[in-house]
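Below you'll find the structure, written out as structure tokens, and then a few comments.
The values are calculated or read from the model by the stated rules, or taken from the named source; none is laboratory data. Everything quoted here is computed from the prediction, not taken from an experiment. FYI the Cβ positions are ideal-geometry reconstructions off the backbone, even for glycines, and counts take in every protein chain you see.
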Amino acid sequence: MLSRSVGSSLASAVGGTVLASSVIVLGSFALPSLTAYRILFAICADAALLGAAIALLFPPAPDRAEPAPWRLRTQNPSAQATDGLDGLGDRVRERRDERHRGQDLLGLSQ
């Protein structure tokens, strides 16, 4: 997340600098020139090619034989809806029941 923020900020700064470095003046307005846009486009194209080359250095992700546990859904549509995490719903219910039993022992239940 931080890298994306740094990359966006850096790209904005470079783009603004390039566009402001070559301007044409029309009356009281200063506008970026066509040359500035061409330079900026070339920088962006080079960055895209560099990113693609770096991505090719990493091996592809391994194929998964089965889906991740959090993507599993119940096969029976009439079954009680679960949170999709393998067994997590059962563990949450067990902890809740334990907590209620503890309150019953202390006389805190309503």
query = What's the number of the condition Leu56 fails, among (1) surrounded by 10 or more Cβ atoms within 10 Å (Cβ to Cβ); (2) at pLDDT 70 or above?
reply = (1)
inquiry  = For the range 14-36, which positions are loosely packed, with under 14 Cβ neighbours inside 10 Å and assigned to a helix (DSSP H, G or I)?
reply    = Gly16, Thr17, Ala20, Ser21, Leu34, Thr35
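Going by the structure shown, is Gln75 out of contact with any Leu (no Cβ under 8 Å at 6 or more places or on another chain), loosely packed, with under 10 Cβ neighbours inside 10 Å and modelled with pLDDT under 90? Don't jump to the end; show me each part of the working.
Numbers: out of contact with any Leu (no Cβ under 8 Å at 6 or more places or on another chain): yes; loosely packed, with under 10 Cβ neighbours inside 10 Å: yes; modelled with pLDDT under 90: yes.
Yes; evaluated as a whole, the condition is true for this residue.
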ask   = What are the residue pairs meeting all of these: first residue in the range 8-35, first residue modelled with pLDDT of 95 or more and charged (D, E, K, R), second residue surrounded by 10 or more Cβ atoms within 10 Å (Cβ to Cβ) and part of a helix (DSSP H, G or I), Cβ atoms under 6 Å, and 6 or more apart or on different chains?
value = none
